[in-house]
Every structure is written in structure tokens, then in C-alpha cells.
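Worksheet: one structure, shown below.
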Amino acid sequence: MIKIEKDVSLRAYNTFGIEAKARYFCTIRSEDQLIELIDTPEFKNEAHLILGGGSNILFTKDYEGLVIKVNLRGIEITDQTTDTISVNVKSGEVWHEFVMHCVDKQWGGIENLSLIPGTIGAAPIQNIGAYGVELKDVVQRVTGIDLDSGLSQTFTNAECNFGYRESIFKHALKEKIFISSVTLTLTTNNHKLNTSYGAITSVLEEKKISPSIKTISDAVISIRRSKLPDPMTIGNAGSFFKNPTIRLDHFNELKKIHPTIPGYPSENQYVKVPAGWLIEQCNWKGKRFNDVGVHAHQALVLVNYGNGSGEEIFQLAKNISSSVHSTFNIDLTPEVNIL
Ligand SMILES: Cc1cc2nc3c(=O)[nH]c(=O)nc-3n(C[C@H](O)[C@H](O)[C@H](O)COP(=O)(O)OP(=O)(O)OC[C@H]3O[C@@H](n4cnc5c(N)ncnc54)[C@H](O)[C@@H]3O)c2cc1C
């Protein structure tokens with residue numbers, strides 16, 4: 001029998017550490033429990049929010065509906081070839097713990113994604129990525145439950161429509177599918193190690209060690225620890241904005257006025273510009289307003305120093321966006337889900 005609680009504080013359930021209440025709150029540990037939940041009046045009559053680790057969410061107010069906390073657990077090998085292994089992972093497993101499991105087992109493919117907070121189930125939602133690797137590179141299929149019909153559905157990698165911090169689950173299927181597991185294909189031999197990010201190479205060279213699944217994972221962990229605030233110490237949700245992609249002619253115009261503007265060629269005639277650089281140029285880095293602010297070492301990360309509200313962080317994000325727009329004529333899009 002599932003338990004639905006009322007008026008539950010969400011502070012411990014979001015990495016910004018924002019105080020907000022859920023009118024109803026329920027933890028789901030199995031597919032069967034979800035099917036049972038779908039039949040309750042609370043599910044049928046209220047809006048719902050699926051919650052993983054709360055590391056990509058900003059609550060700007062109380063949630064006047066049902067929060068469904070994902071806690072399905074389990075890791076199962078489903079297939080093996082000479083060079084690969086397929087692993088089905090339940091959506092409530094913690095992403096970084098699973099990465100560590102793979103590093104221990106010498107399974108390659110996700111070592112560059114070490115230390116990203118959150119759950120397995122949320123990873124396909126925004127196609128998590130870091131240091132030259134994205135989840136889409138290893139996803140075989142995503143399995144979920146259709147919240148209208150209660151039926152199980154499976155999506156192949158192509159059907160997930162993955163893009164830069166994008167997938168079908170953020171658009172056509174937003175809030176329609178409860179992801180119950182993700183199956184990944186990882187390498188057991190002939191690993192394709194990715195050291196394309198200069199920072200990884202620098203750490204390996206500095207320590208005079210050659211790339212391996214373990215050394216890349218260790219390098220990524222040390223780089224991330226030196227650059228990103230730990231949500232256990234300072235509330236945050238990682239990068240608040242996506243890196244914008246602008247037209248090449250717009251980029252060339254900006255380059256005349258701002259010769260140091262960085263840009264990375266994207267799809268035809270488009271250039272990706274680091275949002276952190278734009279925000280830094282507008283002098284937001286390290287700024288603090290009461291208990292919210294922009295992190296001193298990483299301008300893309302907005303922080304809650306303790307008792308900041310979601311509304312204050314949202315207002316800061318809007319102020320940053322409008323100053324970036326007026327300086328560069330570039331619109332920033334939040335990566336964080338704002339509620
Ligand atoms: C310090 C820090 C660093 C970060 N670095 C990175 C990074 O390098 N790269 C990166 O891509 N992200 C990064 N993030 C963002 C975040 O870790 C990822 O987006 C992560 O996948 C979110 O997982 P979560 O379980 O916390 O999701 P939540 O925040 O709980 O949810 C995110 C979204 O997914 C939905 N959702 C969650 N679980 C399910 C499910 N089972 N079924 C259906 N919908 C679901 C939610 O409704 C919500 O819309 C970082 C965050 C922090 C705090």
C-alpha cells in the first residue's frame with residue numbers, strides 16, 4: 001500500500017536547498033507502486049511532478065500538486081558481447097554511484113560523466129553531458145510507464161530525440177512518461193577513451209599518468225571539485241543556463257566589438273558561445289544579493305548561501321539574462337527546470 005503524505009517540505013529534496021512545500025508527496029519504489037498511485041484520487045485530481053535528486057530544479061513557490069519521488073533500485077546485466085556489456089539500471093539509482101560501479105568493473109563509456117549529481121532516470125531527460133561525452137553516446141533504450149494508460153513503453157536511442165541538453169522527454173512527452181529504467185551499452189574491451197577536453201589532458205600530464213577509465217574518472221572528479229560548488233555546502237543546481245548557439249554572422253559582428261569572445265563551431269553556420277563567459281563579461285561573477293548570488297569561480301552557477309528563496313534566484317536569473325541580452329543581443333535559456 002503506497003503512502004501519500006501531505007504538506008511535505010521539499011528543502012531536503014532539491015540541491016538549491018530551497019524551502020517549498022508539496023501539497024502531496026509520495027515515494028515510488030517499484031513499477032507496481034506507480035500503477036497503484038495512478039489509480040488514487042490524488043494522482044487523478046492533482047498536477048504531478050516526478051522528482052529524482054532535485055539537482056536540476058528550482059522551486060519558486062510551493063508545489064500545489066503531487067510530488068512523485070523516484071526510488072526504484074537495481075542494476076542488471078542484460079547482454080554481453082566480446083567488447084560490450086548492456087546494463088539495465090533502475091531510475092532511482094544515483095548516477096555517480098553507478099559511474100563508480102562501472103569504473104570499478106572497468107566498464108567504459110561514462111567515466112567522463114563522473115560526479116554529476118542526480119538519478120539515472122533523470123539523465124536522459126536533458127541528455128546529461130560533460131567533458132566531451134553525453135548520455136546519448138551510451139543509451140541503448142529508455143523504459144518508462146505512460147502516466148495516462150499505465151502501460152510500459154520502451155524508447156530506442158533514436159526515439160529519444162537526444163540533442164544538447166534535450167530529449168523527447170522535455171518536449172512531446174514532458175510529464176507524460178515516468179522513466180523506470182535506462183539500459184546502457186558500455187565497453188569491456190577496446191575502450192574509446194575521450195580526452196578531448198584540455199583540462200583532462202592537463203591533469204593526466206601533470207600527474208604523469210596515462211588515460212584509463214579510472215584515471216579519466218579521477219581527473220574529472222578533481223577538476224569538478226576545484227571548479228563547482230558542492231551542493232552539500234552551497235545550494236546550487238550546476239549550470240543555470242545552457243550555452244547559447246548563435247548565427248555565424250552574429251558571432252563575427254560580436255568578435256569585432258569583443259575580440260576575445262570564445263566560440264565553438266556548431267551545426268552549419270552556427271557557433272556555440274559559453275554562457276559563463278557572457279555572464280562574466282556583464283560583471284555578475286561573484287556578485288551576492290542577500291542570500292543568493294553568482295558563484296565566485298563559475299559565473300554559470302547561481303547559488304543559495306542558505307536562506308535564499310527560489311523567487312530571488314529566479315529574479316537574479318532574469319536580471320542576468322536581460323543584461324546579457326542588452327550587451328550581446330543573445331538570449332539565454334535556463335537549463336534548470338523552473339517551477
Ligand atoms: C553541482 C552540479 C553539477 C551539475 N553538472 C552537470 C553536468 O555536468 N552536466 C549535466 O548535464 N547536468 C549537470 N547538473 C544537472 C543535474 O545534475 C542533471 O540534470 C541530473 O540529471 C538531474 O538529475 P535529478 O535526478 O536530480 O533530476 P531532478 O532535478 O529531480 O529532475 C530533473 C527533471 O527530470 C524529471 N525527472 C526526474 N526523474 C524522472 C523520471 N524517473 N521520469 C521522468 N521524469 C523525471 C523531473 O520532473 C525534472 O523535470 C549538475 C547539477 C549540479 C547540482
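The values are calculated or read from the model by the stated rules, or taken from the named source; none is laboratory data. Note that the coordinates shown come from a computational prediction; the quantities given were computed from them, not determined experimentally. Reconstructed Cβ throughout: ideal geometry from the backbone, glycine too, with neighbour counts over all protein chains shown. Surface areas here come from the heavy atoms of the whole protein model, side chains and all, with no ligands, DNA or RNA. Shrake-Rupley method; radii C 1.70, N 1.55, O 1.52, S 1.80 Å.
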Full extension between Lys208 and Asp331 adds, at 0.36 nm per residue less the Cα distance, a length in nm of 40.1 nm
Residue-averaged 222 nm ellipticity for the chain, from DSSP H runs of 4+ at -39500 (n - 2.57), nearest 500
-7500 deg cm²/dmol
Long-range amide H partners of Ile110, meaning residues 5 or more apart or on another chain whose placed amide H is closer than 5 Å, are none
Counting only residues 5 or more apart in sequence or on a different chain, those whose built amide H sits under 5 Å from that of Ser266 are Val271, Lys272
Using the Karplus equation 6.51 cos²θ - 1.76 cosθ + 1.60 (θ = phi - 60°), what ³J(HN,Hα) coupling, rounded to whole Hz, does each residue of the range 197-214 give in order, writing x for Gly and Pro?
7, x, 4, 5, 4, 4, 4, 5, 5, 4, 8, 6, 10, 8, x, 8, 4, 5
So for Asp32, Asp249, what's the accessible-area order with a 1.4 Å probe, most first?
Asp32, Asp249
Could you name the lysines whose alpha carbon sits less than 22 Å from that of Lys90, not counting residues in the same chain fewer than 8 places away?
Lys3, Lys69, Lys105, Lys136, Lys170, Lys174, Lys176
Measuring from centroid to centroid over Cα atoms, what is the spacing of the range 159-187 and the range 1-39 in Å?
22
Whole-percent carbon and sulfur share, accessible surface of the range 75-187, 1.4 Å:
51
Arg141: accessible area at probe 1.4 Å, nearest 10 Å²?
70
With DNA, RNA and ligands ignored, accessible area of Asp39 (1.4 Å probe; Å², nearest 10):
110
Explain nothing, just compute: Karplus ³J(HN,Hα) = 6.51 cos²θ - 1.76 cosθ + 1.60, θ = phi - 60°, for every residue of the range 26-35 in order, whole Hz, x for Gly and Pro.
9, 9, 10, 10, 7, 4, 4, 5, 5, 4
What figure in square angstrom, to the nearest 10, would you give for the accessible area of Leu339 with a 1.4 Å probe?
60
For the range 253-262, in order, what is each residue's ³J(HN,Hα) by Karplus, 6.51 cos²θ - 1.76 cosθ + 1.60 with θ = phi - 60°, in whole Hz (x at glycine and Pro)?
5, 5, 4, 5, 8, 10, x, 8, 4, x
Please give every one of the lysines within straight-line cross-link reach of Lys255, meaning a C-alpha to C-alpha distance under 23 Å, and leave out same-chain neighbours fewer than 8 residues apart.
Lys242, Lys272, Lys285
Could you order Tyr63, Tyr197 by accessible surface area, starting with the largest, using a probe radius of 1.4 Å?
Tyr197, Tyr63
What dipole magnitude, in Debye to the nearest 20, does the chain give about its Cα centre under +1 on Lys/Arg Cβ and -1 on Asp/Glu Cβ?
880
Which far-off residues, 5 or more places away or on another chain, put their amide H under 5 Å from the one on Gly286, with H placed in the peptide plane?
Val294, His295, Ala296
Please report, in whole Å³, the volume per residue of the convex hull around the C-alpha atoms of the range 1-89.
114
